[in-house]
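Trainee: One structure, pasted below without further comment.
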Amino acid sequence: MLKQRKLDWANMSNGGGYWSTEIAGVSEDKIVVRGHDLLQDLVVQRSFIEMFYLLLTGKFPNKGQEAVLNALFVVCAEHGISPSSTLTRFVQGAGVPIQCAVGVGAMGFGDIQGGAGEKFCREICDLVKRVNASGDSIENGAKQYVGQRKRIDGYGHPQHTHGDPRPPVLFELAMREGVAGPHIRMTIAIEREIELQRKRKIPVNIDGAVGAICADLGIDWRVSRACIVVPRTAGLFAHALEEARREKGWRQIPLEVISYDGPC
Amino acid sequence: MGKKIEQKYWKTAIAEARDDGVKIRGFDLIEDLVGKWDFVDMFYLLIVGRRPTKEQKKVINALFVCCAEHGISPSTTVTRFVQAAGVPIQCAVASGVMMFGDIHGGAGQEFQKQVELLVKERERSGSSFDEIARAYVASKTLVAGYGHPQHPSGDPRAPVLFALAESEGVAGDHVNMAKAIEGALSEKVGRDIGANLDAAVGAISADLEIPWEVSRACIVVPRTAGLFAHAYEEMTRERGWRQIPLEEIEYDGPDVA
């Protein structure tokens with residue numbers, strides 16, 4: 001059996017234990033998050049958006065960064081009946097606990113649906129780093145990037161054929177708040193290059209917007225999915241509740257849209 | 001293909017994504033919400049269907065900040081274990097999310113349901129909060145929502161949240177009832193036993209008119225921020241492959257015959 005150890009605040013940051021973390025420490029009467037006392041310095045004084053940024057980067061955002069992150073959260077919180085909310089509703093329809101239905105929807109943000117911002121963020125960071133190292137311009141970097149690729153992720157959206165309306169609003173706000181840096185500028189330059197080289201407009205989608213904004217906010221690409229999944233859990237809870245209250249339970253693909261095409 | 005489906009297979013009153021925009025509970029996402037509303041407003045709109053008052057918003061924000069992180073706890077342990085196996089980050093976070101069940105982290109739901117019943121009983125009977133609380137505590141061997149294994153002298157988060165809810169005028173009958181139970185329980189046991197985070201979330205969620213079926217959202221939505229931080233720390237600082245140390249494992253089944 002695990003021995004109950006008396007928590008010793010002075011020794012909590014020694015490290016070297018089986019579990020060590022620099023995110024938060026909990027003692028009997030105090031909770032410290034990244035060096036700040038949760039109850040004295042954070043709960044009433046800080047917004048949840050500031051808390052989110054603190055947890056992921058170890059710093060507080062400035063006012064502009066907070067405004068942009070807040071807008072990103074509002075934009076990502078809900079998107080109707082989408083692959084992830086469908087999953088949550090299916091699972092809720094089976095009568096499992098609500099947090100499990102929401103957890104399943106959260107898992108749905110993979111490389112193909114909803115989570116492609118991660119790859120975009122990584123690529124745009126690499127591209128900006130390469131351009132900076134070579135002393136080239138953003139425009140030239142974008143020209144080469146588009147020229148070298150057949151398929152460019154982060155542009156175009158199946159549900160919004162004329163362009164996803166969300167990225168332009170977010171980019172405008174980022175510019176106005178002084179948050180837009182080389183990554184957003186590169187993302188816009190690529191959009192322009194696609195139009196020049198391919199002779200048609202394929203606007204940046206929400207994955208591209210999330211990836212570029214995360215990069216300019218200094219959020220590591222490895223954790224960029226947090227910027228979609230954390231706010232979307234709000235929408236997923238709304239769907240799970242609606243499913244539990246309004247529907248009769250037991251979801252199933254209607255038989256008339258299922259075809260068996262294996263051997264007889 | 002078979003016969004036409006009379007009623008649409010998927011119906012929702014939450015949101016609609018169309019070619020040219022997104023509609024959420026009667027608002028246009030781009031025109032009305034982005035840049036004007038906060039995420040906390042958005043959360044309340046999605047769950048309750050309307051914008052919170054300024055005071056309600058302040059209390060929800062505090063609840064979110066309070067619930068966003070709690071160190072190495074059962075849920076972060078699960079997230080880190082799963083992340084250490086090398087799965088995608090959202091799956092590690094989702095595993096942690098599923099941990100907020102009836103026993104750990106999710107007990108606020110049951111508490112809210114219970115406290116709503118007690119408040120209704122008070123309205124019906126005309127008794128005082130203290131009378132209802134005393135009768136309730138006397139009828140139970142275990143009163144959920146009070147005490148905390150990591151905070152034996154009382155969860156320090158509950159009083160801070162109750163005080164804010166009171167100063168903002170958001171606290172109502174449910175917070176009053178939760179505090180009356182605290183008093184009755186301490187009286188019965190003969191020492192101070194404070195409300196824990198489950199009771200604070202349940203009572204405040206009730207006074208915010210968030211349905212009890214979805215009160216776990218008040219903990220889980222903000223905690224996903226902490227879970228992502230743990231998943232990220234696990235993948236960037238640890239070497240992967242977590243396992244319970246062998247010296248902590250005991251086989252107590254029959255020996256080989």
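What follows is calculated from the coordinates using simple rules that are stated; it is not laboratory data. Keep in mind it's a predicted model, so treat the numbers as computed, not measured. Cβ coordinates were reconstructed from backbone atoms using ideal geometry, including for glycine residues, and neighbour counts include every protein chain displayed.
Trainee: Roughly how big is chain A's charge dipole about its Cα centre, with Cβ charges of +1 (Lys, Arg) and -1 (Asp, Glu), in debye to the nearest 20?
Mentor: The dipole magnitude comes to about 360 debye.
Trainee: Sort A:Leu54, A:Leu127 so that the residue with the fewest other Cβ atoms within 10 Å of its own Cβ comes first and the one with the most comes last.
Mentor: A:Leu127, A:Leu54
Trainee: For every helix of n ≥ 4 consecutive DSSP H residues, a contribution of -39,500 (n - 2.57) applies; sum these over chain B, divide by its total residues, and give [θ] at 222 nm rounded to the nearest 500 deg cm²/dmol.
Mentor: So the calculated ellipticity at 222 nm is -16500 deg cm²/dmol.
Trainee: Now for a different question. At 20 °C and a viscosity of 1.002 mPa s, what translational diffusion coefficient does Stokes-Einstein give for the protein assembly as shown, taking Rh as the Kirkwood radius over Cα pairs? Give it in µm²/s as a whole number.
Mentor: 87
Trainee: Taking neighbour Cβ counts within 10 Å as the exposure measure, how do B:Trp212, B:Trp10 sort from fewest upward?
Mentor: Going from sparsest to densest Cβ surroundings: B:Trp10, B:Trp212.
Trainee: Moving on to the next point. Spelling out what I want: for every residue of segment A:60-67, take phi, set θ = phi - 60°, compute 6.51 cos²θ - 1.76 cosθ + 1.60 (Karplus), and round to whole Hz; glycine and proline get x.
Mentor: Ordered by residue, 3J(HN,Hα) equals 8, x, 7, 4, x, 4, 4, 5 Hz.
Trainee: Assign unit charges at the C-beta atoms only (+1 for Lys and Arg, -1 for Asp and Glu), then state the dipole size of the protein assembly as shown relative to its Cα centre in Debye, rounded to the nearest 20.
Mentor: The calculation lands at about 1300 debye.
Trainee: Apply the Karplus curve 6.51 cos²θ - 1.76 cosθ + 1.60, θ = phi - 60°, to the phi angles in segment B:25-41 and return the couplings in whole Hz, x for Gly and Pro.
Mentor: 6, x, 10, 8, 3, 6, 6, 9, 10, 4, x, 10, 9, 8, 4, 5, 4
Trainee: Hey, another quick one. Using +1 on the beta carbon of Lys and Arg, -1 on that of Asp and Glu, and nothing else charged, what's the dipole of chain B about the Cα centre, debye to 20?
Mentor: So the magnitude is around 720 debye.
Trainee: List the residues whose amide H sits under 5 Å from the amide H of A:Ile31, counting only those 5 or more places along or on another chain, with H placed 1.01 Å from N in the peptide plane.
Mentor: The answer is A:Leu38, A:Leu39.
Trainee: Now for a separate question. Going by how many other beta carbons lie within 10 Å of each one, how would you line up A:Glu177, A:Glu256, fewest first?
Mentor: A:Glu256, A:Glu177
Trainee: Take the Cα atoms of segment A:67-220, find their three principal axes, and give me the spread along each one in whole Å, biggest first.
Mentor: So the extents along the principal axes, rounded to whole Å, are 57, 32, 24.
Trainee: Still on this structure, please answer the following. Test of understanding: what is the full-extension gain from B:Ser153 to B:Glu168, defined as 0.36 nm times their sequence separation minus their Cα-Cα distance?
Mentor: Taking B:Ser153 through B:Glu168 to full extension adds about 2.7 nm, to one decimal.
Trainee: Something else about it: So how far apart, in nm, are the two label points at B:Glu238 and B:Ala257 if each is 7 Å from Cα heading toward Cβ?
Mentor: 4.0
Trainee: Go ahead and run the numbers for FRET between B:Glu250 and A:Ser134, Cβ-Cβ distance against an R0 of 60 Å, rounding to 0.05.
Mentor: Computed FRET efficiency for B:Glu250 and A:Ser134: 0.50.
Trainee: Go from 0 up to the bin containing the longest alpha carbon distance in chain B, width 5 Å each, and give me the % of pairs per bin.
Mentor: P(r) over chain B, rounded to whole percents: 1, 6, 11, 13, 14, 13, 13, 10, 8, 6, 3, 2, 1, 0, 0.
Trainee: Now for a different question. Once Rh for segment A:195-237 is found with the Kirkwood sum over Cα pairs, what is the Stokes-Einstein diffusion coefficient at 4 °C and 1.567 mPa s, in µm²/s?
Mentor: 107
Trainee: Could you work out the longest stretch of chain A that avoids the trypsin sites (Lys or Arg not before Pro) located in DSSP loops with at most 10 other Cβ atoms within 10 Å?
Mentor: Longest gap between qualifying sites, sites excluded: A:7-149.
Trainee: Right, here's the next one. Taking just the C-alpha trace of segment B:161-235, give me its Rg and Dmax in Å.
Mentor: 15.4, 48
Trainee: Given H placed 1.01 Å from N in the peptide plane, which residues other than close sequence neighbours of B:Tyr146 have an amide H under 5 Å from its amide H?
Mentor: Placed amide hydrogens put B:Asn196 under 5 Å from B:Tyr146.
Trainee: Return an integer: the convex hull volume of the alpha-carbon atoms of segment A:90-162, in Å³ per residue.
Mentor: 121
Trainee: Moving on. Expressed in nm², what is the orientationally averaged projection area of the convex hull enclosing the Cα positions of chain A?
Mentor: Projected over every direction and averaged, the Cα hull of chain A covers 22.4 nm².
Trainee: Still on this structure, please answer the following. For segment B:1-88, take every pair of Cα atoms, bin their distances at 5 Å starting from 0, and report each bin as a whole percent.
Mentor: P(r) for segment B:1-88, in whole percents per bin: 3, 11, 14, 13, 11, 12, 14, 13, 5, 3, 1.
Trainee: Check which residues have an amide H placed less than 5 Å from B:Phe27's amide H, if you skip close sequence neighbours.
Mentor: Result for B:Phe27 returns nothing.
Trainee: Further, regarding this structure: Please identify the longest segment of chain A free of exposed chymotrypsin sites (Phe, Trp or Tyr not before Pro), where exposed means a DSSP state other than H, G, I, E or B and no more than 16 other Cβ atoms within 10 Å.
Mentor: With a cap of 16 other Cβ atoms within 10 Å, the longest stretch comes to A:20-249.
Trainee: Moving on to the next point. Find which of B:Ala62, B:Met42, B:Thr79 sits farthest along the positive direction of the dipole of segment B:39-81, computed with +1 on the beta-carbon of Lys and Arg, -1 on that of Asp and Glu, about the Cα centre.
Mentor: Result: B:Met42, furthest along the dipole toward the positive end.
Trainee: For segment B:176-257, which trypsin sites (Lys or Arg not before Pro) are in a loop by DSSP, counting at most 11 other Cβ atoms within 10 Å?
Mentor: B:Arg191, B:Arg239
Trainee: Another question, then. Which whole-angstrom value gives the distance between the alpha carbon centres of segment B:19-33 and segment B:191-246?
Mentor: Using only Cα atoms to place each centre, the spacing works out to 30 Å.
Trainee: Just how many pairs of Lys in chain B have C-alpha atoms closer than 26 Å, counting pairs that are eight or more places apart or on different chains?
Mentor: Close lysine pairs found across chain B: 26.
Trainee: I've got another one for you. Put a dot 7 Å past each Cα toward the Cβ at B:Arg191 and B:Asp19; how far apart are the dots in nm?
Mentor: Roughly 6.9 nm, to one decimal.
Trainee: Give the cross-link partners of A:Lys59 among the aspartates and glutamates, using a straight C-alpha distance below 18 Å as the criterion and excluding same-chain residues fewer than 8 apart.
Mentor: A:Glu22, A:Asp37, A:Asp41, A:Glu50, A:Asp216, A:Asp220, B:Glu69, B:Glu233
Trainee: For the pair B:Lys8 and A:Glu256, what calculated FRET efficiency results from E = 1/(1 + (r/R0)^6), where r is the Cβ-Cβ distance and R0 = 22 Å, to the nearest 0.05?
Mentor: So the FRET efficiency works out to roughly 0.95.
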